[in-house]
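*Asks:* The structure follows.
The values are calculated or read from the model by the stated rules, or taken from the named source; none is laboratory data. Remember, it's a predicted structure, so these values are computed and weren't measured experimentally. All Cβ positions, glycine included, derive from the backbone under ideal geometry; neighbour counts span all protein chains shown. Heavy atoms of the whole protein, side chains included, go into the accessibility calculation; ligands, DNA and RNA do not. Shrake-Rupley method; radii C 1.70, N 1.55, O 1.52, S 1.80 Å.
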Amino acid sequence: MTKSFGEYRGSSNYIVSDELRNAVNIAIALQKPLLIKGDPGTGKTMLAQSIAEGLGKRLIIWNIKSTTKAQEGLYVYDTVQRLYDSQFGDHDVSDISHYIKLGKLGEAFVSDEQVVLLIDEIDKADLEFPNDLLWELDQMSFYIPETKETIVAKHRPIVVITSNAEKELPDAFLRRCIFHYIAFPDPEGMKEIIKVHYPDLDKKLMEQCLEAFYWLRTIPEIQKKPSTSELLDWLQALVIGGISPKRIKEELPFLGVLLKKNQDLDALLWHLNNRPQSRIAHRQSFQTR
Amino acid sequence: MFTDFYYILKKHGVPVSMNEWYTLLDALEMGLAGSSLTTFYHLCRAVLVKTEAHYDRFDLAFAEYFHGVETPEDLPETIWEWLDKNLPPLEITEEMRRNHKQLDLETLKKMLEERLKEQTEEHHGGNYWIGTGGTSPFGHSGYHPGGIRIGGQSRNKSAVKVAGERHFRDFRNDTVLDTRQFQMALRKLRQFSTRLEGPKTELDIEGTVEATSKNAGRLELVWERPRENAIKVLLVMDSGGSMTPYTRLCNQLFTAANRSKHFKDLQVYYFHNCIYDLLYLDPRCVVSNSVETKYVLRNLDSDYRVLLVGDASMAPTELTARGGIIDWGQFNEEPGIVWMRRFKQHFPSSVWLNPIPARYWEITEGAVTIKMLQDIFPMFELTVEGLDMAVKKLRAKN
Ligand SMILES: Nc1ncnc2c1ncn2[C@@H]1O[C@H](COP(=O)(O)OP(=O)(O)O)[C@@H](O)[C@H]1O
Ligand SMILES: [Mg+2]
């Protein structure tokens, strides 16, 4: 009765909710970019890896920085190399196409097989950046005036776009996307994720860590809340350090792994000192450092 | 019927565009809703909602609409039924536009609402037109009667030829000879500043020649920081029906601006008669391809030089009334004139270019609104001389 569009089912190393899996498959079926928003560490980047792995496709990653221009994703014409070659090289400089280097989008278009294209952290770029890509993402083609060549996608890539919500994205862009917001996992969900990474982790240790971790995240003064990546690193540090579960909530060992900014460490201290009734044990252990 | 869901979403403040709505219908046709209400819910949300800030509103709307649907088994059938229906693609006839002056805005809207109510019960297919007949009191002198346009894009375009359709032909492919003259005028719009920082990315030709000569002809490239034109330009063009006679002229200006590579930045938006809450990204002026005017005001600095292009001719209510917007299905809380003033306030360096020759400004049908807009923006006619004067105005320190 219904078509079986459930192509992406997840991958062994990635925990995916039903909602997210549905969103992925909807985007694939409708051939629209999938825009994934969520706090850092909620598995946005890893989702693209999981899609690629789950579907057995190559993953092309375009990391966006504040200086990234849309054009770079299409192609770059290396005029300087050409000029140099004309003087010193033994290359045939009459063929401009030697000096046209495709960007990540271009690479995805010319691929002989369908690929997964991840445009990672699109909100880092200039405000107009997403708009500048509308045409290419809609039409899946672009023109290179230098070589009078039109690059048309051989296979429409599966496009995954992530955003940490640093900037608002333009409406025209949003309207073309399938959208999903990854909420920060609750402790149960987090246990699943941890199990994927450390299947043999001591139960007691995990419980204690999760308690401390989610407590830390509730402290309003902490600017950069520890995320999944930090938690995973922390767990690893604790295991390697052979820390007993009993000590975890008392001492918060290797706290620097969870809170990377000094001001957040200070904020935690401030918090503990100003709310003495809440965690006396902590205050003592901190003050002795 | 399913269309109700659309209105309930709107009621709850989930801004759903026609584009997204049709995407949802496509998805349903493709069977992407599966057979469970949950999958259907995920589908609707993923397609229609683009920020987690609206998830909650969406949930409210969903609950309100689906309180009747209990068993998941019902779902596919119900959807297929809904799919038969659609937003009635209504538009206004040319007669309606012509007769606009005889009807006040309220009557017009009421009539349309009634008609709309009748038609929500009907199967889509065919365009419903509302007209009152009558003859045209207006010529083609650039007057733009305030017709009201309903709903999204018609699914049945070919059935109807809207005389006043707001399409400029594809701007970018238009090659016009006189463009050059406009371009020359625009070239005067520059203000150089040498950048003090940033990478040296521009080839210094003189430096290179000198260095290479010193090197006895062995090439040595010398780079410098690009000298920058600090001028940023915002071009905002009316692409309403009454602008059709001036399409060629506007094309020329657009092409000229677009080719004037010396601007630090060029932004182009479109509007229909007057600026309200939305600015459009292409001349079709459809909501599905628009941005909020507020977004533009927030993100473009006040130092943009603004060229507004339009015949400034419309029904006075379009400027003065709440809800005066010509596009039905949209509602402006604030009168157009407020938006216009706000625009000018944010961009002190703004001018208006009017394709209607200046000598007609006081006698054309649009005289009232032309005058009102002249009070806000210095207005020049869209000719080479007019553009020259406008550019001078824009260069002057404000
Ligand atoms: N759903 C998940 N399943 C498995 N691991 C996850 C999941 N979400 C996050 N992680 C872990 O958290 C780390 C950070 O995820 P990442 O995809 O880089 O986050 P983001 O891109 O959202 O900032 C990943 O390397 C992965 O180890
Ligand atoms: Mg990431």
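*Asks:* Starting from residues that are part of a helix (DSSP H, G or I) and over 27 Å from residue A:164 (Cα atoms), keep the ones in region A:200-225 and report whichever is most open to solvent (accessible area, probe 1.4 Å).
*Replies:* My answer is A:203.
*Asks:* A follow-up question, please. Which one is most open to solvent (accessible area, probe 1.4 Å) among residues in region B:212-253 that are among the basic types (Lys, Arg) and in a strand (DSSP E or B)?
*Replies:* B:227
*Asks:* If you don't mind, another one. State which residue is nearest to the other protein chains (Cβ to nearest Cβ) when the search covers only region A:122-143 and only residues that are within 16 Å of ligand 1 (Cβ to nearest atom) and in contact with an Asp or Glu (Cβ under 8 Å, 6 or more places away or on another chain).
*Replies:* A:123
*Asks:* Considering each residue of region A:29-40, count those that are open to solvent by 40 Å² or more (accessible area, probe 1.4 Å) and either away from every other protein chain (no Cβ under 13 Å) or more than 16 Å from ligand 1 (Cβ to nearest atom) (or both), and give that number.
*Replies:* 3
*Asks:* Here is a follow-up. When you check residue A:43 against the structure, is it in contact with a Ser or Thr (Cβ under 6 Å, 6 or more places away or on another chain) and either more than 10 Å from chain B (Cβ to nearest Cβ) or away from ligand 1 (no atom under 12 Å from the Cβ) (or both), yes or no?
*Replies:* no
*Asks:* Return the pair list, or none, for Cβ contacts closer than 9 Å from residues in region A:150-170 that are within 17 Å of residue A:46 (Cβ to Cβ) to residues that are more than 16 Å from ligand 1 (Cβ to nearest atom) and assigned to a strand (DSSP E or B), at least 6 apart or on different chains.
*Replies:* A:158/A:115
*Asks:* Identify the residue in region A:178-187 that is more than 7 Å from chain B (Cβ to nearest Cβ) and touching a strand residue (DSSP E or B) at 6+ places or on another chain (Cβ under 9 Å) and, among all such residues, is most open to solvent (accessible area, probe 1.4 Å).
*Replies:* Among residues in region A:178-187 that are more than 7 Å from chain B (Cβ to nearest Cβ) and touching a strand residue (DSSP E or B) at 6+ places or on another chain (Cβ under 9 Å), the one most open to solvent (accessible area, probe 1.4 Å) is A:183.
*Asks:* Can you tell me which residue within region B:181-205, out of those that are modelled with pLDDT under 65 and open to solvent by 80 Å² or more (accessible area, probe 1.4 Å), is nearest to residue B:391 (Cα to Cα)?
*Replies:* B:192
*Asks:* With respect to residue A:96, is the statement that it is farther than 30 Å from residue A:189 by Cβ, more than 12 Å from every other protein chain (Cβ to nearest Cβ) and in contact with a Phe, Trp or Tyr (Cβ under 6 Å, 6 or more places away or on another chain) true?
*Replies:* no
*Asks:* If you don't mind, there's one more thing I want to ask. Among the numbered criteria (1) open to solvent by less than 10 Å² (accessible area, probe 1.4 Å); (2) of a type in the set (Val, Ile, Thr); (3) under 22 Å from residue B:356 (Cβ atoms), which single criterion is violated by residue B:293?
*Replies:* Of (1) open to solvent by less than 10 Å² (accessible area, probe 1.4 Å); (2) of a type in the set (Val, Ile, Thr); (3) under 22 Å from residue B:356 (Cβ atoms), only one is false for residue B:293: (3).
*Asks:* Going by what's in this entry, would residue A:190 be described as assigned to a helix (DSSP H, G or I), more than 13 Å from chain B (Cβ to nearest Cβ), in contact with a Ser or Thr (Cβ under 9 Å, 6 or more places away or on another chain) and at pLDDT 90 or above?
*Replies:* yes
Residue by residue, here is whether (1) among the hydrophobic types (A, V, I, L, M, F, W, C); (2) modelled with pLDDT of 95 or more; (3) more than 14 Å from ligand 1 (Cβ to nearest atom); (4) touching a strand residue (DSSP E or B) at 6+ places or on another chain (Cβ under 6 Å) holds:
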position: A:2; (1), (2), (3), (4): no, no, yes, no
position: A:7; (1), (2), (3), (4): no, no, yes, no
position: A:10; (1), (2), (3), (4): no, no, no, no
position: A:22; (1), (2), (3), (4): no, no, yes, no
position: A:27; (1), (2), (3), (4): yes, yes, yes, yes
position: A:50; (1), (2), (3), (4): no, yes, no, yes
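*Asks:* Let me ask you something else. Need the failing condition index for residue B:284 against (1) farther than 30 Å from residue A:129 by Cβ; (2) out of contact with any helix residue (DSSP H, G or I) (no Cβ under 8 Å at 6 or more places or on another chain); (3) part of a loop (DSSP other than H, G, I, E, B), just the number.
*Replies:* All conditions are met except number (1).
*Asks:* Among the residues of region A:92-100, are any loosely packed, with under 14 Cβ neighbours inside 10 Å and among the polar types (S, T, N, Q)?
*Replies:* For region A:92-100, residues loosely packed, with under 14 Cβ neighbours inside 10 Å and among the polar types (S, T, N, Q): present.
*Asks:* A further question follows. Those residues that are more than 14 Å from ligand 1 (Cβ to nearest atom) and surrounded by fewer than 20 Cβ atoms within 10 Å (Cβ to Cβ), I need them from region A:154-175; list them, please.
*Replies:* Selection gives A:154, A:155, A:156, A:167, A:168, A:172, A:174.
*Asks:* Looking at region B:2-44, which of its residues are within 10 Å of chain A (Cβ to nearest Cβ), open to solvent by 20 Å² or more (accessible area, probe 1.4 Å) and within 26 Å of the chain's Cα centre (by Cα)?
*Replies:* B:15, B:18, B:19, B:26 - these are the residues of region B:2-44 that are within 10 Å of chain A (Cβ to nearest Cβ), open to solvent by 20 Å² or more (accessible area, probe 1.4 Å) and within 26 Å of the chain's Cα centre (by Cα).
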